[in-house]
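Structure, as structure tokens:
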Amino acid sequence: MNAPEDLSDDELLALLTPRQLADLDRAIAALMGPEGLDKVISLQVMAQLYTVRAAERDETSALAMLQMAAAMRRRAEVLAAKRG
């Protein structure tokens, strides 16, 4: 396997089972809160933060953080498409 930081968002998410991906989506929704904080810019900023912090972690932790960031970016794209 390539280093986690060398994988695309699609490749990172493909490593997850459908159930894991659904659980991750629910976790992101819970993280962003029910008060409407699940916004495109918030998700993009959080994804960038996770991506930067992943570089400071061991490979397993980095992979998990990068998968979370990829899922956040994917969710942001879905939300932006719904608004557009």
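Observations on the model:
- Residue tally, condition loosely packed, with under 14 Cβ neighbours inside 10 Å and more than 15 Å from residue 7 (Cα to Cα), over segment 54-78: 3
- For segment 11-29, residues that are more than 11 Å from the chain's Cα centre (by Cα) and of a type in the set (Asp, Glu) total 2.
- Of the residues 57, 75, 53, 19, the single one that is in a loop (DSSP other than H, G, I, E, B) and among the basic types (Lys, Arg) is 57.
- Only a single item in (1) surrounded by 17 or more Cβ atoms within 10 Å (Cβ to Cβ); (2) outside any helix (DSSP H, G or I) is not met by residue 28, and it is number (2).
- Filtering segment 6-22 to residues that are among the acidic types (Asp, Glu) and surrounded by 13 or more Cβ atoms within 10 Å (Cβ to Cβ) leaves 9, 11.
- Filter result (of a type in the set (Gly, Ala, Ser) and more than 16 Å from residue 57 (Cβ to Cβ)) within segment 1-15: 8, 14
- Residue 82 meets each of the listed conditions (1) in a helix (DSSP H, G or I); (2) modelled with pLDDT under 90; (3) surrounded by 13 or more Cβ atoms within 10 Å (Cβ to Cβ); (4) of a type outside the set (A, V, I, L, M) apart from (3).
- Residue check for residue 60: at pLDDT 90 or above and under 12 Å from the mean Cα position of the chain (by Cα): no
The values are calculated or read from the model by the stated rules, or taken from the named source; none is laboratory data. Every value quoted in this text rests on a predicted model; they were computed, and no experiment measured them. Cβ sites come from the backbone with ideal geometry, for glycine too, and all protein chains shown count toward neighbours.
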